[in-house]
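See structure below.
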Amino acid sequence: MALRSIDPASGEEIARYDELAEDGLCDVVGATHEAWLAWREVSFEARARVLGRAAELLTEERRAHAELMAREMGKPVLQGEAEADKCALVCRFYAENAERFLAPEPIATDAKKSYVRFDPIGAVLAIMPWNFPYWQVFRFAAPAIMAGNAGLLKHASNVTGAALAIEDLLRRAGLPQGVFRTLVISSRQVESVIDHAAVRAVTLTGSEAAGAAVAARAGQRIKKSVLELGGSDPFIVLDDVDVPAVARAAARARTINSGQSCIAAKRFIVMEPVARAFEEAFAAELGSLVVGNPLEEKTDVGPLARADLVDELDDQVQRTVAAGGRLVTGGRRLDGPGCFYAPTLLADVDPSMPAGCEETFGPVAALLRAGSEDEAVEIANGSVFGLGASVWSGDAARAERLAPHIDAGCVFVNGMVKSDPRLPFGGVKLSGYGRELADFGIREFVNIKTVVVE
């Protein structure tokens, strides 16, 4: 069977890729293990040269990679260039810091000498989504490679071209053959990869259902997993904000990557005194966005990645309106070819409505009202998700006081939620477990080994 790549802006087929047969898949995994046996002996300095060169190639070729993202999953091309640049940043970050993060740590005991080592564990399977087709991969690959591990990538089928481009780039950067391999396989073949003795751990970014299935399989085989799953991030607006400025930030926070981001703001919880003004300003900002061809630089919002995602998003909007939500702007598919949906604002939403409790993966914002700070936090926490949150106030100290009370993996004050190589990233509740990035991320997939010399 072949995997198909469809341009979501036009509906036209871009390419087909033949799936690996089961015997070929087993051979690839085995070869990756053999490549790892040599790679784990390579010095940090040599590994860093590879990551440094990868960063150079990402920067030099950012436009080509951005255009590939636009064609495969609809990302506006300027956002694609920014994604390539961020991938270069994470490569440089780990090239410069991995040796320090993984340096042996002496521990004072009764022994003559005792310390902790951080040794590579082997091949790690990464199951990655289509929405950030480069960044999701590099935030796994850069620390894994610098730690001395090998990587096996099972990417989303609609971005197979991006997956192969990443493998090619790493090889051109000097990574030995086999240390990082793309597996052109369907989801039904994932279990056999997890089961393979050479695969030591698995990381997944995706849906709750996919995460639960992968974690269960890995658990049965006593293999570690790290999961980054869905989010319904709250964007809390206190009653002392500069309304026009925060409304502009809200529109960007909701529609980055055409709204297809786990950490995009989705539930806008606004205190009553500024709710009406914020609603009007927010609707105006959403209405001013340019929706169109992702290859054109003027485009703010491109198509959704697949036709079925448009159906799911529109269903959530219609069910919310039927439950009593008020449609302020948008709320419809756009005419013509492609998977386009109008930037949408739903007001009078409560936490029981679909847009108030489900993850909306597209340019749809839900506005909920709160009578106090405590109620705003209660609404924010009344979700099964806990990935990120932001709090907006004219008094940063006031907003920061709410951070300890918000159930999320990260809280941003007066800023959009975003991942940064220097900071750990991950969620709580149904948003997953484990951390990526920073020193916490690189230590997820190493053997924390105690050594004692008497």
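Read-outs throughout are calculated quantities, based only on the coordinates presented, and are distinct from any laboratory measurement. Predicted model only: the values in this text are computed from it and were never measured. With ideal geometry, Cβ positions are generated from the backbone for all residues, glycine too; neighbour counts draw on all protein chains shown.
Which distance in nm do the two modelled labels at Asp315 and Asp395 give, with both placed 7 Å along the Cα-to-Cβ direction?
Spacing of the two 7 Å Cα→Cβ label points: 4.6 nm.
Could you calculate the contour length gain from Phe44 to Arg172, that is, 0.36 nm times the residue separation minus the distance between their Cα atoms, to one decimal place in nm?
Gain in length upon complete extension: 44.2 nm.
Contact order normalised by length for the chain, with contacts defined as Cα pairs under 8 Å and 6 or more residues apart; what percent is it?
For the chain, the relative contact order is 19 percent.
Consider just the alpha-carbon atoms of the stretch 233-420 and return their Rg together with their Dmax, both in angstrom.
Radius of gyration, then largest Cα-Cα span, for the stretch 233-420: 15.4, 48 Å.
If you take every DSSP beta bridge whose two residues both sit in the chain, what share of them, in percent to the nearest 5, is antiparallel?
40 percent
Restricting to DSSP H runs of at least four residues, report the calculated mean residue ellipticity at 222 nm for the chain, -39500 (n - 2.57) per run over all residues, nearest 500 deg cm²/dmol. The partial results should precede the final answer.
Working: 15 runs with 184 residues, N = 454.
Dividing the helical sum by the residues of the chain leaves -12500 deg cm²/dmol.
Would you mind getting me the FRET efficiency between Ala111 and Ile448? Use the beta-carbon distance for r and R0 = 22 Å, nearest 0.05.
E between Ala111 and Ile448, to the nearest 0.05, is 0.80.
Quote to one decimal, in nm, the extra length available between Ala82 and Tyr433 on full extension: 0.36 nm per residue of separation minus the C-alpha distance between them.
123.7 nm
Given H placed 1.01 Å from N in the peptide plane, which residues other than close sequence neighbours of Val428 have an amide H under 5 Å from its amide H?
Gly386, Leu387, Gly409
Tell me, His33, His405 in order of fewest to most beta-carbon neighbours within 10 Å? All intermediate terms of the calculation are to be shown ahead of the outcome.
Working: His33 19, His405 13.
Starting with the residue having the fewest Cβ neighbours, the order is His405, His33.
Give the lysines whose C-alpha is closer than 22 Å to that of Lys449, dropping any in the same chain fewer than 8 places away, or say none.
By straight Cα distance, Lys449 reaches Lys112, Lys113, Lys223, Lys224.
What per residue convex hull volume, in Å³, do the alpha-carbon atoms of the stretch 1-110 yield? The partial results should precede the final answer.
Values: hull volume 18.5 nm³, N = 110.
Hull volume over Cα atoms, normalised by residue count, gives 168 Å³.
Given an 8 Å cut-off on Cα distances and at least 6 residues of separation, report the relative contact order of the stretch 127-268 as a percent.
20 percent
Starting from the Cα of Lys418, step 7 Å toward the Cβ, then list every residue of the stretch 220-235 with an amide N under 20 Å from that point.
Answer for this model: 231-235.
Relative contact order for the stretch 233-420 using alpha-carbon pairs under 8 Å, separation at least 6, rounded to a whole percent?
Once normalised by length, the contact order is 27 percent.
Give, in nm to one decimal, the length gained when the segment between Ser192 and Val290 is fully stretched (0.36 nm per residue of separation minus the Cα-Cα distance).
30.9 nm
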